[in-house]
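Have a look at the structure below before the remarks.
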Amino acid sequence: MKIMLMRHGDAENGYADAKRRLSEEGRLEASLAGEFLWRLGETPRAILHSELRRSEETAQIVAQRIGGGIKPSLRHGLLPGDPVSPFAGRLLEEPDDVMVVGHQPFVSSLAALLLTGSPDGLQVKFPTGAMLCFERLTGLPRGRDGPCCALRFHVTAKSISRLVGDRGR
């Protein structure tokens, strides 16, 4: 099972935080991220997002670029200040590859927890549009304390833009 974490794309300023939409740059970041995953063949079966507009928009754009009829789903517990351990426990029960589109510092803490067993165990750079992909380690009992995933890749939106370009399919 693979777990992909993505920080939402760049958002516009000037709105209440929950209503901030993606900027033009943020829409491009999300589109290129979906293209990147499609080209790699890393297509999650589910894309989960928070209730904040920028996360939902990012998830929708990524899903559209990946194709295959993926419909992003709202998941509570992904807001910037939410505790990561309860969500991580539910995430690790997912049977298929899954992508989570969230916010800082939540995505960094979740990445640290999956890699080290502690939400404070590692500092992960997560600019807007960045992604990490993990592989669930097999043979570990459920509920085990400590690391449960191995890192497959970590890319920033800038790196994705260089790799994919802005041409798309």
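So which residues in the range 1-29 are touching a residue at least 40 places away in the same chain (Cβ under 8 Å), part of a strand (DSSP E or B) and touching an Asp or Glu at 6+ places or on another chain (Cβ under 8 Å), if there are any at all? Passing the criteria: LYS2, ILE3, MET4. Screening MET6 with (1) buried (at least 22 other Cβ atoms within 10 Å of the Cβ); (2) over 15 Å from the mean Cα position of the chain (by Cα) gives one miss only, at (2).
Please indicate, with yes or no, whether at least one residue in the range 64-73 is farther than 17 Å from GLY9 by Cβ and touching a residue at least 40 places away in the same chain (Cβ under 8 Å). No, there is no match, as no residue in the range 64-73 is farther than 17 Å from GLY9 by Cβ and touching a residue at least 40 places away in the same chain (Cβ under 8 Å).
Of all residues in the range 18-52, those that are among the charged types (D, E, K, R), crowded, with 16+ Cβ neighbours inside 10 Å and over 21 Å from GLN104 (Cβ atoms) total 2. For the range 63-71, the count of residues that are charged (D, E, K, R) and in a helix (DSSP H, G or I) is nonzero. Name the residue that is farthest from PRO105 (Cα to Cα), counting only residues in the range 53-69 that are buried (at least 22 other Cβ atoms within 10 Å of the Cβ) and polar (S, T, N, Q). Only one residue tops the list, namely THR58. If I filter the range 137-154 for residues that are assigned to a strand (DSSP E or B), in contact with a Phe, Trp or Tyr (Cβ under 8 Å, 6 or more places away or on another chain) and either at pLDDT 95 or above or surrounded by 20 or more Cβ atoms within 10 Å (Cβ to Cβ) (or both), do I get at least one hit? Checked against the condition, which is being assigned to a strand (DSSP E or B), in contact with a Phe, Trp or Tyr (Cβ under 8 Å, 6 or more places away or on another chain) and either at pLDDT 95 or above or surrounded by 20 or more Cβ atoms within 10 Å (Cβ to Cβ) (or both), the range 137-154 yields at least one hit.
Scan the range 113-136 for residues that are closer than 18 Å to VAL155 by Cβ, over 11 Å from the mean Cα position of the chain (by Cα) and surrounded by fewer than 24 Cβ atoms within 10 Å (Cβ to Cβ) and the total you get is 7. Looking at the range 92-112, which of its residues are buried (at least 21 other Cβ atoms within 10 Å of the Cβ) and part of a helix (DSSP H, G or I)? Correct list: PHE106, VAL107, SER108, SER109, LEU110, ALA111. What about PHE126, is it assigned to a loop (DSSP other than H, G, I, E, B) and either modelled with pLDDT under 95 or over 15 Å from HIS49 (Cα atoms) (or both)? Against the criterion (assigned to a loop (DSSP other than H, G, I, E, B) and either modelled with pLDDT under 95 or over 15 Å from HIS49 (Cα atoms) (or both)), PHE126 qualifies.
The values are calculated or read from the model by the stated rules, or taken from the named source; none is laboratory data. Computed from a predicted structure; not experimentally measured. Here Cβ is always computed from backbone atoms with ideal geometry, including for glycine, and neighbour counts include all displayed protein chains.
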